[in-house]
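Have a look at the structure below before the remarks.
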Amino acid sequence: MSLALLADLAQILAEAFLEPDARLKEGLEQLLDGCPSPSLAAPLGRMAASCLSPEDQPVEYARLFLHARDTDTVHLFESVQARGHHLAPEVLEPLKAIYDEADISLQEDLAIPPDHLGLELACLGYLLGQVLEADPDERPRFVDLAQRLLQDHLSPFVTLVAEQLPQVQAHPYYLAASELAAVLVRETGKALGEI
C-alpha cells in the first residue's frame, strides 16, 4: 500500500471530521481513481457516492457530533471517548508528546483541543509525509511516531467512533468515513510495519 495514498486519505478524512461543511466529493473521487486496494476502495466509493448537499451536511454533522437531540452525541474528542470528559491529561500528555517530537505546533487561536479526531488524522497524514520525505536517518523516528499515534490513540479511538455511528443512525457519508478511517488505521499500521 502506498504511503502517499494513505497520507492523502488521512488528510481528506481529517477534513471530513473537522469541517462541518467540507466539500470533499471531487477529492474523494480522485483518490478512488488511484486506489488499488479493495479494502479502501469500498468505503471510499460509498463515501464519495453519498456526499450530502451543502445545506444538509452541516446539519448532519451537528446532529451527530455537536448537539444530538434524540440520540447520544458521538464525541470526536479522544479524551471524552476514553475517559468520559474533555482534556483528560492521561490522553493529552502522550498525544502532545507525539506532536512535540514531530515538531507539530497547533495554531494558538485554534479552538479545538489536540485530541480531536480530525487533528489526529491530520497529524497522521503529516507523519506519513515525513516518512516519505525525510532523510533516511530521520525516517525511523517518524515511523515510530506514526506507529505510536496509531496504536495508542487512533486505533482505539476510531474503533469507538465507528461502533457508535450506526447506533445514532448516521448518514451513509459519515458511516463510510468512519469505516474508511478504521481501514486506513489498519492499512497504515501494516505499511509502516513493512518499512
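The values are calculated or read from the model by the stated rules, or taken from the named source; none is laboratory data. The structure presented is a predicted model; accordingly, all values stated were derived computationally and were not measured. Because the Cβ atoms are built from the backbone with ideal geometry, glycine has one as well, and the counts that use them run over all protein chains shown. Ligands, DNA and RNA are excluded from the accessible area calculation, which covers all protein heavy atoms including side chains. Shrake-Rupley method; radii C 1.70, N 1.55, O 1.52, S 1.80 Å.
To the nearest 20 debye, what charge dipole does the stretch 7-162 have about its Cα centre, counting +1 at the Cβ of each Lys and Arg and -1 at the Cβ of each Asp and Glu? Don't jump to the answer; show the numbers that get you there.
Numbers: 10 positive and 28 negative charges, 111 e Å.
In debye, rounded to 20, the stretch 7-162 gives about 540.
What shape does the stretch 18-69 have by the C-alpha gyration tensor, where a ≥ b ≥ c are the square roots of the eigenvalues, rounded means a/c under 1.5, and otherwise prolate means a/b greater than b/c and oblate the rest? Write out the running numbers ahead of the final one.
Details: a/c = 3.06, a/b = 2.13, b/c = 1.44.
Verdict is prolate for the stretch 18-69.
Need one word for the stretch 21-127: rounded, prolate or oblate. Basis is the Cα gyration tensor (sqrt eigenvalues a ≥ b ≥ c); a/c below 1.5 gives rounded, then a/b vs b/c decides.
On the way: a/c = 2.04, a/b = 1.29, b/c = 1.59.
Taking the square roots of the gyration eigenvalues as a ≥ b ≥ c, the stretch 21-127 is oblate.
From Cα pairs below 8 angstrom and at least 6 apart in sequence, can you work out the relative contact order of the stretch 63-103, rounded to a whole percent? Intermediate results must be reported in sequence, preceding the final value.
Values: 25 pairs, mean separation 8.6, N = 41.
Relative CO of the stretch 63-103 lands at 21 percent.
Report the Cα centroid-to-centroid distance between the stretch 1-74 and the stretch 130-195 in angstrom, as an integer.
What the calculation gives is 14 Å, centre to centre.
Here are labelled values, (1) 68; (2) 62; (3) 58, and one is the computed percent of Cα pairs over 19 Å apart for what I pasted. Which one?
Step by step, percent of Cα pairs over 19 Å apart for this structure corresponds to label (3).
Please report, in debye to the nearest 20, how large the charge dipole of the stretch 1-92 is about its Cα centre when each Lys and Arg carries +1 at its beta carbon and each Asp and Glu carries -1 there.
Values: 6 positive and 14 negative charges, 39 e Å.
Using only the charged Cβ atoms, the result is roughly 180 debye.
For the stretch 63-194, which whole percent of the accessible surface, found with a 1.4 angstrom probe, sits on carbon and sulfur atoms? Don't skip to the answer; put the middle values down first.
Values: 3180 of 6470 Å².
Answer for the stretch 63-194: carbon and sulfur cover 49 percent of the accessible area.
Over the chain, calculate the relative contact order: mean separation of alpha carbon pairs under 8 Å at least 6 apart, over the residue count, as a percent.
Details: 232 pairs, mean separation 63.1, N = 195.
For the chain, the relative contact order is 32 percent.
Per the helix-only calculation at 222 nm, which mean residue ellipticity applies to the chain, given -39500 (n - 2.57) for every DSSP H run of n ≥ 4 and division by its residues, nearest 500 deg cm²/dmol?
Details: 10 runs with 124 residues, N = 195.
Result for the chain, helices only: -20000 deg cm²/dmol.
Can you tell me the accessible area per residue over the stretch 1-153, all protein chains present, probe 1.4 angstrom, in square angstrom? Kindly include the intermediate steps, with their values, before the conclusion.
Values: 7660 Å² over 153 residues.
Heavy-atom SASA per residue in the stretch 1-153 reads 50 Å².
Leaving ligands, DNA and RNA out of it, work out the accessible area of Arg46 with a 1.4 Å probe and give it in Å² to the nearest 10.
Accessible surface of Arg46 is approximately 100 Å².
Within a Cβ distance under 13 Å of Gln167, other residues only, what is the Lys/Arg minus Asp/Glu net charge?
For residues surrounding Gln167, the net value is -3.
Membrane-span-like helices in the chain: DSSP H runs reaching 27 Å or more (Cα, own axis), mean Kyte hydropathy at least 1.6? Write down the numbers at each step before the final one.
On the way: long enough: 172-193 (31 Å, 0.49).
Helices meeting the span and hydropathy rule in the chain: none at all.
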